[in-house]
Amino acid sequence: MAVPPGSAKVTAPYAQAAAVVNANGSVNRSKGIEAVTKPAAGHYCVELEDKDLDIRKLVPTATLQYISFEYDVRISMWPHPSCGTRTDAFLVITGKPGVYEDASFSIVVP
């Protein structure tokens, strides 16, 4: 899902990219994010606008939004097949241990 033109832009002078992503994969607000797609339950591909950024050389941080402590969020630090093995897209996974479930999260790429 491409970042909608009406979504709020983030003021984050020290971040290369940042976004608040809703559980359905829509983007609430962002900076430097081209699109978010959802290939499966609890799986999100976060594509960066700057194609010169290589996820293998970045250190992103993700945080779940408004959810129980038994949930977790993970970020793939290498090109993942779910995201087309692209070097400009992170795979973010949310859910409980052993169960992928949709959940809202924020991501920051310093």
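The values are calculated or read from the model by the stated rules, or taken from the named source; none is laboratory data. Quick caveat: nothing in here was measured; it's all calculated off a predicted structure. We place every Cβ from the backbone using ideal geometry, glycine too, and count neighbours over all the protein chains shown. What goes into the accessible areas is simple: the full protein's heavy atoms, side chains included, and nothing from ligands, DNA or RNA. Shrake-Rupley method; radii C 1.70, N 1.55, O 1.52, S 1.80 Å.
Contact map, segment 43-71: residues that are over 15 Å from Asn24 (Cα atoms) paired with residues that are open to solvent by 80 Å² or more (accessible area, probe 1.4 Å) and assigned to a strand (DSSP E or B), Cβ distance under 9 Å, separation 6+ or inter-chain. Pairs shown: Glu47/Glu34; Leu48/Glu34; Glu49/Glu34; Asp50/Glu34; Lys51/Glu34; Ala62/Arg74. Taking (1) open to solvent by less than 20 Å² (accessible area, probe 1.4 Å); (2) farther than 18 Å from Ser30 by Cα; (3) touching a helix residue (DSSP H, G or I) at 6+ places or on another chain (Cβ under 9 Å) in turn, Pro79 satisfies each apart from (1). For residues that are free of Cβ contacts under 8 Å to residues at least 60 places away in the same chain and outside any strand (DSSP E or B), scanning just segment 92-110, find the one that is nearest to Thr11 (Cα to Cα). Applying the filter and picking the extreme gives Pro97. Take the conditions buried (at least 17 other Cβ atoms within 10 Å of the Cβ) and not polar (S, T, N, Q) and apply them to Tyr66. Does it pass? Criteria not met by Tyr66. Ala62 meets each of the listed conditions (1) within 15 Å of Ser104 (Cβ to Cβ); (2) of a type in the set (Gly, Ala, Ser); (3) more than 10 Å from the chain's Cα centre (by Cα) apart from (3). Taken together, the criteria place Asp52 among residues that are open to solvent by 30 Å² or more (accessible area, probe 1.4 Å) and farther than 19 Å from Val21 by Cα. Return yes or no: is Pro13 exposed (fewer than 12 other Cβ atoms within 10 Å of the Cβ) and without any contact (Cβ under 8 Å) to a residue 12 or more places away in the chain? Yes: the conditions hold for Pro13.
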